[in-house]
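Structure first, commentary second.
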Amino acid sequence: MLRYIAYRSLIALFLVWLVVSLVFLLLHLIPGDPAELLLSQGNIAADPQAVAALREKMGLNAPLWQQYIEHVTGVLTGDLGGSFRDGAPVMEQILLRLPRTLEVILAAAFLAALFGVPLGTYAAIRADGKIDAFVSLLSSVALSTPVFVVGSVVILIFAQQLQWLPAGGFVPFSEDPVQHLKLLILPAGAVGLSVWAVITRMTRASVLEVLQRDYVRTARAKGLPRGPILRRHVVRNALIPVLTVLGLEMGTLIGGTVLVEFVFNWPGLSGYLVAAVDARDYPEVVGIVMVISVLFVFLNLLVDVVNALLDPRISLGAS
C-alpha cells in the first residue's frame, strides 16, 4: 500500500509540474502582447511608454527560459505576483476565497453521497420496480435542470415563501456560526442536486453489477442474510466507481460554481476568476487557473488512495 501511495504521489507531482509548464506555455502562445491587451480600451491603442513599463513590470523583456524559472519558482514558493487592479498579493486573495468555494463543494458532495448512495442502492435492490422508476425519473430531472434554475427555485420556496433560510449572502463562521450554516445550506443544495443525480445513477448501476458477481451468489447460496451480504460484499465493492465519479465531480465544481456564487452572492473563488478575466488581470487569472488545476490533481490522488484502501487488489495490481 505504501509503495502504491508513493507511486501515485510521484505521478501527481509530475502532473502538477506539467500543469504549471502548460499554463506558462499557453500564455506565451496566445497571439498579441499581454501588456498591450491589458492597457488597450476598445479601439483605442495603448500608450507605447505605458506598454513598455508594464512589460518590464511583468518581466516579459527577460529571456523565455528565465521567465519560466521565475514562474516555477514563484509557484513553489507561493508567490503568484500582485494584482494589476489593486496590487494585492494574488495568493492571499486566493487563500481568502478558496475555503469558501471548497466549503460549498464539500457540503454539496456530503449531501449528494448521504442521499445518493442509499437511494441508488435501494433502487438497484428493487430494480424495475416503482421505487426504481421514481428514483430514475427524479435523478434525470435533477441532472437536466441548470444550476441557476435550481438556485432560483430553492430561493423562491425556502427563502421567500417558507422563509426558513436566508436568500443569500455571506457571514464568516467565526462571527456567527449559525447564520453561516444557514447561508451555506441553499448554495450547497443547489450545487449538490446534480451531483446527487450522478451519484445515485452510478450507485444503482454499480450495485446491479456487483449483485451479479459469483461471490455474491455464493454468499446467498450459503444462506447468509441479506444485510451482511450488502454491507460486506456489495456496497463496499460498488463504492469504488462511485467514489471515482464523486472525486471527478468535485474537481469539476472547483471552477464551475460561478452561477451558484452569483445567485447566492457567495464570495468564492469562481466569482473571483470571472472578475479577473473581465478585468484582464493577468496574474490573478494565471494564479487561479493553476490553483484549480493543482487541486484537481491532488483530489484525484486522494480518490486513488481511498479506492486502494477499499480494494487492496488495486494497489497489488499497481505493484
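The values are calculated or read from the model by the stated rules, or taken from the named source; none is laboratory data. Fair warning: this is a prediction, and the values are worked out from it, not measured in the lab. Counting neighbours? That spans all protein chains shown, and the Cβs are built from the backbone with ideal geometry, glycine included. Surface accessibility is based on the protein's heavy atoms, side chains included, excluding ligands, DNA and RNA. Shrake-Rupley method; radii C 1.70, N 1.55, O 1.52, S 1.80 Å.
Quick notes on this one:
- Number of the exception - residue 232 against (1) under 20 Å from the mean Cα position of the chain (by Cα); (2) open to solvent by 10 Å² or more (accessible area, probe 1.4 Å); (3) not acidic (Asp, Glu): (1)
- Residues located in the range 301-319, provided they are under 30 Å from residue 91 (Cβ atoms), open to solvent by 40 Å² or more (accessible area, probe 1.4 Å) and modelled with pLDDT under 80: 306
- Residue list for the range 202-217, filter: basic (Lys, Arg) and assigned to a helix (DSSP H, G or I): 204, 217
- Any hit, the range 192-213, residues being open to solvent by 80 Å² or more (accessible area, probe 1.4 Å), within 26 Å of residue 120 (Cα to Cα), of a type in the set (Lys, Arg) and without any contact (Cβ under 8 Å) to a residue 60 or more places away in the chain: yes
- Matching residues, the range 264-292, being touching a Ser or Thr at 6+ places or on another chain (Cβ under 7 Å) and either at pLDDT 80 or above or among the polar types (S, T, N, Q) (or both): 268, 269, 270, 284
- Top-ranked residue of the range 256-295 - restricted to ones that are open to solvent by 30 Å² or more (accessible area, probe 1.4 Å), outside any helix (DSSP H, G or I) and among the small types (Gly, Ala, Ser), ranked as farthest from residue 16 (Cα to Cα): 279
- Taken together, 44, 30 contain a single residue that is modelled with pLDDT under 75, of a type in the set (Val, Ile, Thr) and more than 30 Å from the chain's Cα centre (by Cα), which is 44.
- Residues of the range 217-258 classified as farther than 30 Å from residue 104 by Cα and either at pLDDT 80 or above or not small (Gly, Ala, Ser) (or both), total: 14
- From the list 97, 55, the one residue that fits, being of a type outside the set (S, T, N, Q) and touching a residue at least 40 places away in the same chain (Cβ under 8 Å), is 97.
- Some residue of the range 145-152 being aromatic (Phe, Trp, Tyr), closer than 30 Å to residue 207 by Cα and open to solvent by 80 Å² or more (accessible area, probe 1.4 Å): no
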